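> Structure provided below as structure tokens; questions to follow.
The values are calculated or read from the model by the stated rules, or taken from the named source; none is laboratory data. Keep in mind that what you see is a predicted model, and the values were worked out from it rather than measured. Here the Cβ is made from the backbone with ideal geometry for all residues, glycine too, and neighbour counts use every protein chain on show.
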Amino acid sequence: MRKLRFILLFLLFLNCGKKEENIIKLTFWQFWTNPEVKPTIIKLVQKFEKEDSQIKVEITDLTWADGHEKIVVAFSSNSAPDVLELGSDWIPEFSSQGVLEDLTPQAEKIKNDYLMWEPATYQNKIFGFPWLLDTRVLFYNKELLQKVGLDPDQPPQTWDELLTACQKINKLKPQAYGFGANSAERHRLYKKFLPFLWGNGGKILNEDGTECLINSTEGIEALEFYKKLVQAGTIENQRMLDEAFMQGKIGFLISGGWLLKEIKKNYPQLNFGVALIPKPAENKGNSSSFAGGEFLMINKKTKHLEQAKRFVEFMTRPENSLKLCQAIGSSFPSAKEALSDTSYQNNEHLKIFQEQLKFAVSPPAHPKWVYIEETIEKAVEEVMYAKKSPKKALDFAKEKIDQILKEK
């Protein structure tokens, strides 16, 4: 009897060992570390593992502060994950290096059902699936508008209207400031200036990406206007600006959907509104903004290509990306089907975000964008702190960016 029991236990051990051997482990690097969002990532991964019981997904969290550097190091040392999340403005750098899997055949099948393929497209090939979308809009404090004699239900629609409102509110300082301007934070400052450049008809690069055009008349006008906005407000990092706005100390602030969630959670009594970013004039330009998003990419050297494709397809399904966006409280699924969900259509603020997406622009899909972006931010910073005039700052930025474009 003992011998029989031993044999059965031995066979069970062997069987478990075989099952363990058949399990494929996928590594997934992602940025959603917020305690209110991460559980949804975990639940989605668990759901995927139930659908495909032979796959286990190992999640590694990254931060926006040093995530880019970690990804660069991982690819250079052949230790990159099977699947990774990339911000839209990082993709060209990696797709041009040949480290990402070409997903064009899979993308072509669903291309019409999803938005914003441009950042993932390089030399007519698609290297990732759009997952989540976001943009920036103008937040405004209705009580402060009323306090300075302006209609709280009529947010500014042009540059002049915005500047006038900011200047009036700024007279209340230090109790309140007109405009909240971002300090020199990486990956943030350019997103606040470029909407005015794009809205004014300006461009960063020419069509073939060989020359910088940022110091055009349109670009200089945009930076001159942005300088006036900064002078009619206060300069702080994004976290401090968001907090000051929620405390009723800032009249106007360009921010993202995350602020909606923070207001609802911590300052539900705040009387505020959101609007499209104002255009240059009633009969000039448009209400442009920054178009960004999160994309899912596959390491070209993955040993589990088919499984990685299944995982990316699963995470970008309309119902799954919608659940994640609802947990985030602001982002929008790339899947068009999910955008018709009542959680968006019945929310007056999120509807403005959806409208802003129609006029939003993605930065040029250039392999050197991260370095171009840094140069633009430096130029804007110099103008904000009165170190250079808008023209001199953009002329210098053009020279530096042209050098970057020539580097191999």
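> Consider PHE314 carefully, then state whether it is modelled with pLDDT of 95 or more and aromatic (Phe, Trp, Tyr).
Yes.
> In segment 139-164, which residues are outside any loop (DSSP other than H, G, I, E, B), of a type in the set (S, T, N, Q) and farther than 20 Å from GLY257 by Cα?
GLN146, THR158, THR164
> Still on this structure, I have one more. Could you check how many residues of segment 182-205 are at pLDDT 95 or above and among the polar types (S, T, N, Q)?
Qualifying residue count for the region: 1.
> Within the group GLU243, GLU262, GLU313, which residue is of a type in the set (Asp, Glu) and in contact (Cβ under 8 Å) with a residue 24 or more places away in the chain?
Every option except GLU313 fails the conditions.
> Another question, then. Does any residue of segment 210-222 turn out to be modelled with pLDDT under 95 and not hydrophobic (A, V, I, L, M, F, W, C)?
yes
> In segment 69-111, which residue that is in contact with a His (Cβ under 9 Å, 6 or more places away or on another chain) and surrounded by fewer than 19 Cβ atoms within 10 Å (Cβ to Cβ) is nearest to THR33 (Cα to Cα)?
GLY87
> Could you figure out which of (1) more than 21 Å from PRO81 (Cβ to Cβ); (2) touching a residue at least 40 places away in the same chain (Cβ under 8 Å) isn't true of GLU319?
(2)
> What do you reckon, is LYS228 farther than 16 Å from ALA393 by Cβ and charged (D, E, K, R)?
So LYS228 does not fit the description; no.
> Tally time: how many residues in segment 222-250 are under 14 Å from MET384 (Cα atoms), in a loop (DSSP other than H, G, I, E, B) and out of contact with any helix residue (DSSP H, G or I) (no Cβ under 8 Å at 6 or more places or on another chain)?
Qualifying residue count for the region: 1.
> Let me ask something else about it. Can you find, within segment 160-171, the residue that is nearest to SER331 (Cα to Cα) among those that are in contact (Cβ under 8 Å) with a residue 24 or more places away in the chain and surrounded by 17 or more Cβ atoms within 10 Å (Cβ to Cβ)?
Checked segment 160-171; the qualifying residue nearest to SER331 (Cα to Cα) is LEU162.
Okay, residues lined up against (1) more than 16 Å from ALA281 (Cα to Cα); (2) in contact with a helix residue (DSSP H, G or I) (Cβ under 7 Å, 6 or more places away or on another chain); (3) in contact (Cβ under 8 Å) with a residue 24 or more places away in the chain:
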site	(1), (2), (3)
ASP134	yes, no, yes
PHE139	yes, yes, yes
GLY149	yes, no, no
PRO152	yes, yes, yes
THR158	no, no, yes
LYS173	yes, no, yes
TYR177	yes, yes, yes
TYR190	yes, yes, yes
ASN200	no, yes, yes
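> For segment 171-196, how many residues meet the condition of being assigned to a helix (DSSP H, G or I) and more than 16 Å from LEU138 (Cβ to Cβ)?
Summing the residues that are assigned to a helix (DSSP H, G or I) and more than 16 Å from LEU138 (Cβ to Cβ) in segment 171-196 gives 2.
> Answer with yes or no whether GLN167 is of a type in the set (S, T, N, Q), at pLDDT 95 or above and not in a helix (DSSP H, G or I).
no
> Any idea which of GLY251, GLY180, GLY199 is under 21 Å from the mean Cα position of the chain (by Cα), surrounded by 23 or more Cβ atoms within 10 Å (Cβ to Cβ) and farther than 27 Å from ALA65 by Cβ?
Checking each option against the conditions leaves just GLY199.
> Please state which one of GLU377, GLU399, GLU381, GLU355 is more than 28 Å from SER95 (Cα to Cα), in the same structural domain as SER216 (by TED's automatic domain parsing) and of a type outside the set (A, V, I, L, M, F, W, C).
Testing whether each residue is more than 28 Å from SER95 (Cα to Cα), in the same structural domain as SER216 (by TED's automatic domain parsing) and of a type outside the set (A, V, I, L, M, F, W, C) leaves just GLU381.
> Among the numbered criteria (1) crowded, with 20+ Cβ neighbours inside 10 Å; (2) touching a Cys at 6+ places or on another chain (Cβ under 9 Å), which single criterion is violated by ILE220?
(2)
> Across segment 127-148, what is the total count of residues that are surrounded by fewer than 23 Cβ atoms within 10 Å (Cβ to Cβ) and among the β-branched types (Val, Ile, Thr)?
Number satisfying all stated conditions: 1.
> May I ask you to list the residues in segment 39-63 that are among the aliphatic types (A, V, I, L, M) and surrounded by 14 or more Cβ atoms within 10 Å (Cβ to Cβ)?
Scanning segment 39-63 gives ILE41, LEU44, VAL45, ILE55, VAL57, ILE59, LEU62.
> Also, quick follow-up: Looking at segment 290-301, can you tell me whether even one residue there is free of Cβ contacts under 8 Å to residues at least 60 places away in the same chain, surrounded by fewer than 19 Cβ atoms within 10 Å (Cβ to Cβ), farther than 22 Å from GLN167 by Cβ and not acidic (Asp, Glu)?
Taking every residue of segment 290-301 in turn, none turns out to be free of Cβ contacts under 8 Å to residues at least 60 places away in the same chain, surrounded by fewer than 19 Cβ atoms within 10 Å (Cβ to Cβ), farther than 22 Å from GLN167 by Cβ and not acidic (Asp, Glu).
> Moving on. State which residue is surrounded by the fewest Cβ atoms within 10 Å (Cβ to Cβ) when the search covers only segment 328-349 and only residues that are within 20 Å of ILE277 (Cβ to Cβ) and out of contact with any strand residue (DSSP E or B) (no Cβ under 6 Å at 6 or more places or on another chain).
That would be GLU348.
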